[in-house]
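This report refers to the structure that appears directly beneath it.
The values are calculated or read from the model by the stated rules, or taken from the named source; none is laboratory data. All of these numbers come straight from a predicted model, not from anything done at the bench. Counting neighbours? That spans all protein chains shown, and the Cβs are built from the backbone with ideal geometry, glycine included. These area figures cover heavy atoms from the full protein model, side chains too; ligands, DNA and RNA do not enter into them. Shrake-Rupley method; radii C 1.70, N 1.55, O 1.52, S 1.80 Å.
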Amino acid sequence: MIYELDGGNRKQRKIVDDAMTFVDSCLNLPDNVHVEIVLGNFPSCGCICLDTEDGIAYFLVEINNRHSTEELVIGIFHEMKHVEQTVNNRLDEGKWRGVDHSDTPYFERPWEIEAYAFEEETYSKWTNC
């Protein structure tokens, strides 16, 4: 995985850089995945957008930088799990393993259940290092 980091202040960028280094070892991502993380005043905690070009996946991950350090790290872990789900063809625009979940409540969507469990487990590991 290759990533870039934009926005936020120096402290936030250091925290996100540390979190990205940590989470990379917890995910199954190929080397040709490019992630641009933007820290800014966004309306949600975080979100991802995907573009592909010549077989390379390019992700834009927006993280709200107005949250606490804990929420910032958890947001990175959560959104990076969605990157992994997408890269490994489990998540595709509201479909989980090919099944449409557009009518499924947010917290009952399989990809969100997995991402929330991952963020909790990974944050626990992060704080115990």
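Tallying residues that are under 19 Å from residue 126 (Cα atoms) and open to solvent by 40 Å² or more (accessible area, probe 1.4 Å) within the range 60-70 yields 4.
Checking each residue in the range 12-37 for being touching a Ser or Thr at 6+ places or on another chain (Cβ under 8 Å) and surrounded by fewer than 16 Cβ atoms within 10 Å (Cβ to Cβ) picks out no residue at all. Taken over the range 44-59, the residue count meeting the criterion of being assigned to a strand (DSSP E or B) and either among the small types (Gly, Ala, Ser) or surrounded by fewer than 17 Cβ atoms within 10 Å (Cβ to Cβ) (or both) is 10.
Which of the residues spanning the range 92-122 are open to solvent by less than 50 Å² (accessible area, probe 1.4 Å) and at pLDDT 95 or above? I'd like the intermediate steps shown before the answer.
First, pick out the residues of the range 92-122 that are open to solvent by less than 50 Å² (accessible area, probe 1.4 Å): 94, 96, 101, 104, 110-112, 115, 118-119, 122.
Scanning the range 92-122 gives 96, 101, 104, 110, 111, 112, 115, 118, 119, 122.
Could you please tell me which pairs satisfy a Cβ distance under 8 Å, a separation of 6+ or placement on different chains, a first residue in the range 3-25 that is modelled with pLDDT of 95 or more, and a second residue that is of a type in the set (Gly, Ala, Ser) and surrounded by 16 or more Cβ atoms within 10 Å (Cβ to Cβ)? Sorted first by the residue in the range 3-25, then by its partner, the pairs are 16/8.
Between 62, 71, the distinction of being under 17 Å from residue 119 (Cα atoms), touching a residue at least 12 places away in the same chain (Cβ under 8 Å) and assigned to a strand (DSSP E or B) belongs to 62 only. Residue 41 meets the conditions (1) open to solvent by 60 Å² or more (accessible area, probe 1.4 Å); (2) within 12 Å of residue 1 (Cβ to Cβ); (3) in contact with a Lys or Arg (Cβ under 8 Å, 6 or more places away or on another chain) in every case but one. The failed one is (2).
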